[in-house]
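Some notes on the structure that comes next.
The values are calculated or read from the model by the stated rules, or taken from the named source; none is laboratory data. Computed from a prediction, not measured in an experiment: that's the story for all the values here. Please note: Cβ atoms are built from the backbone with ideal geometry, for glycine as well, and neighbour counts cover all protein chains shown.
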Amino acid sequence: MLRRSVRQEPEWKTTLTIRPVQRISVLACILLVLSAGPAHGDRAADALLEFTRCAGIAQPSERLKCFDTAAQGLASPPPKAEGFGKPPPPRPDEITQIRATVLELAKTARGRAVFILDNGQTWRQIDGDNTDVREPLPGETMKVTIAAALLNSYSLTIEGRNGLIKVRRLK
């Protein structure tokens with residue numbers, strides 16, 4: 001006959017007793033560590049000293065007032081939602097567009113336009129833009145405006161023509 005033994009797992013009862021003053025001190029230190037970043041170095045050190053002083057107060061109502069006062073020193077104003085997603089305003093010294101005359105209009109092997117301007121700059125139509133750029137009539141000059149667009153891109157418009165051409169600067 002086989003005998004089966006039933007092994008019983010011991011019940012572990014682990015209790016950690018923390019007195020209310022210690023509990024508040026521990027919570028305050030955790031709050032301090034989570035809320036204080038590198039930019040709040042001095043304020044965090046001051047608040048830690050204040051929290052330690054508050055932990056030593058025996059009366060609960062006075063201790064709570066002390067912790068509330070200490071926590072207000074760490075609070076930062078909530079970010080405002082009105083500005084979320086807006087591009088930053090242009091700086092006063094920032095150039096947002098240029099005007100120039102095209103000295104030479106060339107085409108790449110893929111049929112994209114290359115604009116050589118009178119100011120020495122060279123701009124190329126990007127591959128994602130399928131706009132057909134035609135040479136000006138003989139004796140006419142092509143005047144263009146290149147403006148900054150979204151996501152660090154640039155748009156070229158030809159004077160007297162509709163539409164825009166997405167370009168990037170080569171030189």
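Key figures
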quantity: Residue in the range 142-151 that is polar (S, T, N, Q), assigned to a loop (DSSP other than H, G, I, E, B) and surrounded by fewer than 16 Cβ atoms within 10 Å (Cβ to Cβ) present; calculated: no
quantity: Subset of the range 132-141 (residues that are over 21 Å from ARG110 (Cβ atoms) and either touching a helix residue (DSSP H, G or I) at 6+ places or on another chain (Cβ under 6 Å) or surrounded by 10 or more Cβ atoms within 10 Å (Cβ to Cβ) (or both)); calculated: PRO136, THR141
quantity: Some residue of the range 121-133 being under 31 Å from the mean Cα position of the chain (by Cα), outside the structural domain of LEU49 (by TED's automatic domain parsing), modelled with pLDDT under 90 and at positive phi; calculated: no
quantity: Close pairs (6 angstrom Cβ cut-off, 6 or more residues apart or separate chains): in contact (Cβ under 8 Å) with a residue 12 or more places away in the chain in the range 143-157, surrounded by fewer than 17 Cβ atoms within 10 Å (Cβ to Cβ) and outside any strand (DSSP E or B) anywhere; calculated: LYS143/GLU159; ALA148/THR96; SER155/ALA149
quantity: Check on LEU137, modelled with pLDDT under 90, within 26 Å of the chain's Cα centre (by Cα) and not charged (D, E, K, R); calculated: no
